[in-house]
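Peer 1: Structure incoming, see below.
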Amino acid sequence: MKLRHGPAWSAVWWVVAPARLVPQVLGIVVVAAGIGNSFGTVLGNLLKNFRPQIIALVVLCVDLAMATSTALLYGIATVIPLGLCAGLSSQLAKLSYDALVQAEVPEGVRTSVSPGPKRCSRSPGSSAARSASCCH
């Protein structure tokens, strides 16, 4: 779960934090994060033959390196690529996590839906409740 939520939290943080410092950049950073997310989908499709653990590790290292460089050299020239990197890493981490779940969790567990008890919202004595299939 940390694999999935770390980059997602990072993406939100790195979109919001620069906007507090320089409000004029918010739109540009959000667009860059959206483009990064789209690139992450395409790149995830291209990297489907690689192990998800390796992809996730590389994504986290790149995200960390970009965040560090932005912290050291803060400016528009580093904030926009950070938004792009945050969107990209968030999407690739999501795809890697999904691939891990599909590989590690048995098919029967992933696809089973446990039926809960059927409940009827109508009063049991009404004619509508007797004709409703959920109250039989």
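Peer 1: Which residue, of 11, 33, 17, is within 13 Å of residue 86 (Cα to Cα) and modelled with pLDDT of 85 or more? Give the steps one after another, and end with the answer.
Peer 2: Numbers: 11 fails: modelled with pLDDT of 85 or more; 17 fails: modelled with pLDDT of 85 or more.
It is 33.
Peer 1: Moving on. Taking residue 50 as meeting all but one of (1) without any contact (Cβ under 8 Å) to a residue 60 or more places away in the chain; (2) assigned to a helix (DSSP H, G or I), write down the number of the exception.
Peer 2: Single failed check for residue 50: (2).
The values are calculated or read from the model by the stated rules, or taken from the named source; none is laboratory data. Computed from a predicted structure; not experimentally measured. Because the Cβ atoms are built from the backbone with ideal geometry, glycine has one as well, and the counts that use them run over all protein chains shown.
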